[in-house]
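The values are calculated or read from the model by the stated rules, or taken from the named source; none is laboratory data. Predicted, not measured: the structure shown is a model, and the values here were computed from it. Cβ: placed from backbone, ideal geometry, glycine included. Neighbour counts: every protein chain shown.
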There are 2 protein chains.
Amino acid sequence: MARAAGVSQATVSLVLGEKWSGRVSERTAEAVRAAARELGYRPNLAARSLRLGRTRTALLVVPALTTEFFARVYTGAERVAAGHGFGVVLYPSPEGVGPARDPFDPARASLDGVIASSMAADALAAVRGGGLPLVMLDSDPDDAAAAATVNLDIADGARQAAAHLLALGHRRVAHLAAAVDSWTFRVRARALAEAVGEVPGATVCAEPAGLSVEEGRQAAERVLGRPGPRPTALVCDDDILAAGACKAARRLGLRVPDDISVTGFDDLALATAVDPELTTVRLPAEAVGAAGMRALLTLLDGETPQDTTLPVELIPRASTAPPPAN
Amino acid sequence: MARAAGVSQATVSLVLGEKWSGRVSERTAEAVRAAARELGYRPNLAARSLRLGRTRTALLVVPALTTEFFARVYTGAERVAAGHGFGVVLYPSPEGVGPARDPFDPARASLDGVIASSMAADALAAVRGGGLPLVMLDSDPDDAAAAATVNLDIADGARQAAAHLLALGHRRVAHLAAAVDSWTFRVRARALAEAVGEVPGATVCAEPAGLSVEEGRQAAERVLGRPGPRPTALVCDDDILAAGACKAARRLGLRVPDDISVTGFDDLALATAVDPELTTVRLPAEAVGAAGMRALLTLLDGETPQDTTLPVELIPRASTAPPPAN
DNA sequence: CTGAAAGCGCTTACAG
DNA sequence: CTGAAAGCGCTTACAG
């Protein structure tokens with residue numbers, strides 16, 4: 001205890017907590033700071049939490065940390081949290097096999113709030129009822145369980161992709177749809193269908209695919225191998241799927257983008273690692289995390305955060321071109 | 001407090017802490033459990049930490065969370081931690097611009113130990129001197145600061161890549177070397193040079209590259225565009241660099257693997273997302289995280305963990321082949 | 001301007 | 001077998 005080196009416990013707390021102005025003399029304050037520096041003193045957070053009844057810790061529930069996208073969401077949330085003396089604890093859904101873990105051990109009891117992605121619905125179910133303030137990410141804004149929602153303008157992104165392809169002259173588009181029952185993917189499907197439906201003679205058909213390169217490749221091979229006129233463009237629900245679609249095209253002897261155009265969603269590093277580089281809808285993952293954390297902080301302040309919808313942007317690259325003359 | 005619903009505080013603590021056998025009657029124990037269930041009682045972790053002087057929290061220091069590799073390291077560490085009632089807090093090094101954050105705010109004071117990657121050296125410097133138990137990942141085993149080290153057999157991986165290429169008939173290999181001053185990359189360079197040096201007439205030249213697809217591409221273009229006999233194989237320090245190398249080859253009109261072979265390190269999802277799929281040295285990232293956490297737990301038990309070296313495996317895929325006849 | 005005291009919710013000897 | 005009490009290190013009224 002820094003008390004040994006000067007004054008009383010209360011004074012130390014005041015000075016180090018920046019609440020001393022007009023209550024402690026400048027001389028004393030400086031003495032306290034010097035002693036703290038000397039001793040390398042750090043306040044005990046457990047004691048502070050106990051006293052304050054808050055832990056300044058948030059739980060981020062994500063489907064899996066091994067995907068670049070959610071790693072970035074975390075990064076954004078964490079940065080904002082740090083600026084407010086908050087910490088973010090991750091709760092990645094148990095992926096694959098393995099015993100389901102208790103999300104509250106050891107987190108729950110020392111949590112102030114939860115930020116959750118709609119894709120981590122299962123994990124979230126365990127957290128529900130905790131009565132903790134909840135901010136949902138990329139989710140149905142009408143979900144009553146969430147005190148606030150931070151969304152991406154996903155529908156607009158799907159429309160931008162459709163408009164890009166339509167303007168290029170494509171009329172037969174296939175949608176490689178993520179086989180995940182989540183609000184964000186339903187929105188993509190609906191917006192895409194509507195946008196394409198507005199152009200006479202244009203059609204979309206949807207093909208479900210698990211979220212992996214391999215399953216994307218298989219789904220694309222199904223679509224492209226089907227009898228009847230072949231689609232000239234593949235709109236994929238994310239970049240991973242799009243990478244799989246490109247592999248499928250190549251296997252079938254089709255060139256991207258000359259014979260078939262491909263678009264993705266996310267703009268992961270993968271989008272520019274593959275060749276040709278992917279035309280994709282960039283989702284500002286870090287901004288999502290940051291906005292989620294801000295909303296949670298607002299909630300903890302007893303105020304009502306505004307629902308946010310972040311804009312989204314199509315990045316045209318080398319995987320799209322006019323359809324083959326034929 | 002569950003006390004209201006039954007007995008004394010001490011009894012509740014004993015029962016819920018599974019320390020009651022022979023000290024509390026079965027009847028009382030059951031009554032306590034029932035009451036806890038009823039009230040949805042959760043012990044306050046801050047109070048427990050304060051009392052026990054331990055927080056059951058570890059800090060994982062990594063260079064950046066946005067890379068799939070470290071996301072997996074975290075996943076492994078987290079899984080082990082959870083099995084022991086421990087939490088893992090991430091401290092990603094400040095990447096790019098932005099104010100350097102204080103790694104101790106709010107983590108430090110409530111940390112029991114640190115697990116750190118050698119690639120996060122800068123961030124670690126801030127943590128040093130904290131006097132916390134430290135487990136280093138993929139680092140120089142002679143580093144005195146670490147109480148334990150968890151390593152990958154990186155040298156063997158480099159040797160496997162070299163042997164694979166040499167067996168295929170390659171004699172001129174170039175090394176796209178990560179431009180990061182870290183033990184793990186120095187080991188790769190040395191092991192590769194030694195392995196190639198053992199074969200008469202075989203040569204390696206190293207070309208530094210920043211760890212991105214774009215910088216990998218540029219470095220590969222420098223190597224391949226140089227006057228004199230062109231290398232027939234490119235050994236890259238990671239998969240990202242290898243993806244860049246493949247793009248460079250294609251830009252120069254060279255086919256992978258017919259004209260030039262490429263290998264990577266890591267075996268990220270990226271390795272099979274690109275076309276052709278990458279021959280690469282698979283590093284068991286999750287196992288590294290898990291072993292790191294186990295070592296830290298051993299340390300916290302007052303025992304001395306053994307240094308670990310995890311085996312590594314070359315995965316031959318489509319980016320390597322015999323050199324062109326010529 | 002500064003200090004003594006209470007109390008946050010636990011766990012762990014110590015009595016009984 | 002069970003309870004009363006101390007104490008972990010803070011912060012915040014409350015005195016002085």
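A count restricted to the stretch B:251-273 and to residues that are within 19 Å of residue A:278 (Cβ to Cβ), within 31 Å of the chain's Cα centre (by Cα) and of a type outside the set (A, V, I, L, M, F, W, C) stands at 1.
Across the stretch A:45-79, the number of residues qualifying as within 11 Å of DNA strand D (Cβ to nearest atom), touching a helix residue (DSSP H, G or I) at 6+ places or on another chain (Cβ under 6 Å) and modelled with pLDDT under 75 comes to 1. Of the listed requirements (1) surrounded by fewer than 22 Cβ atoms within 10 Å (Cβ to Cβ); (2) within 21 Å of residue A:301 (Cβ to Cβ); (3) modelled with pLDDT of 70 or more, residue A:131 misses just one: (3). Restricting attention to the stretch B:4-33 and to residues that are within 43 Å of the chain's Cα centre (by Cα) and part of a loop (DSSP other than H, G, I, E, B), the residue that is nearest to residue B:48 (Cα to Cα) turns out to be B:17.
Condition first: within 23 Å of residue A:50 (Cα to Cα) and either out of contact with any Leu (no Cβ under 6 Å at 6 or more places or on another chain) or of a type in the set (Phe, Trp, Tyr) (or both). Now tell me which residues in the stretch B:38-48 satisfy that. Across the stretch B:38-48, the qualifying residues are B:39, B:40, B:41, B:42, B:43, B:44, B:45, B:48. Going through (1) in contact (Cβ under 8 Å) with a residue 24 or more places away in the chain; (2) assigned to a helix (DSSP H, G or I); (3) more than 30 Å from residue B:245 (Cα to Cα) one by one, residue A:220 falls short only on (3).
Could you count how many residues in the stretch B:162-220 are polar (S, T, N, Q) and either touching a Ser or Thr at 6+ places or on another chain (Cβ under 7 Å) or not assigned by TED's automatic domain parsing to the domain that holds residue B:243 (or both)? Summing the residues that are polar (S, T, N, Q) and either touching a Ser or Thr at 6+ places or on another chain (Cβ under 7 Å) or not assigned by TED's automatic domain parsing to the domain that holds residue B:243 (or both) in the stretch B:162-220 gives 2. Can you find, within the stretch A:3-28, the residue that is modelled with the highest pLDDT among those that are more than 7 Å from DNA strand C (Cβ to nearest atom), in contact with a helix residue (DSSP H, G or I) (Cβ under 6 Å, 6 or more places away or on another chain) and over 24 Å from residue A:86 (Cα atoms)? Applying the filter and picking the extreme gives A:6. I'd like the full set of residues that are within 12 Å of DNA strand D (Cβ to nearest atom) and closer than 14 Å to residue A:46 by Cα, limited to the stretch B:4-44. Result: B:44, single match. Within the stretch A:29-43, being modelled with pLDDT of 75 or more, within 13 Å of DNA strand C (Cβ to nearest atom) and of a type outside the set (A, V, I, L, M) holds for A:30, A:33.
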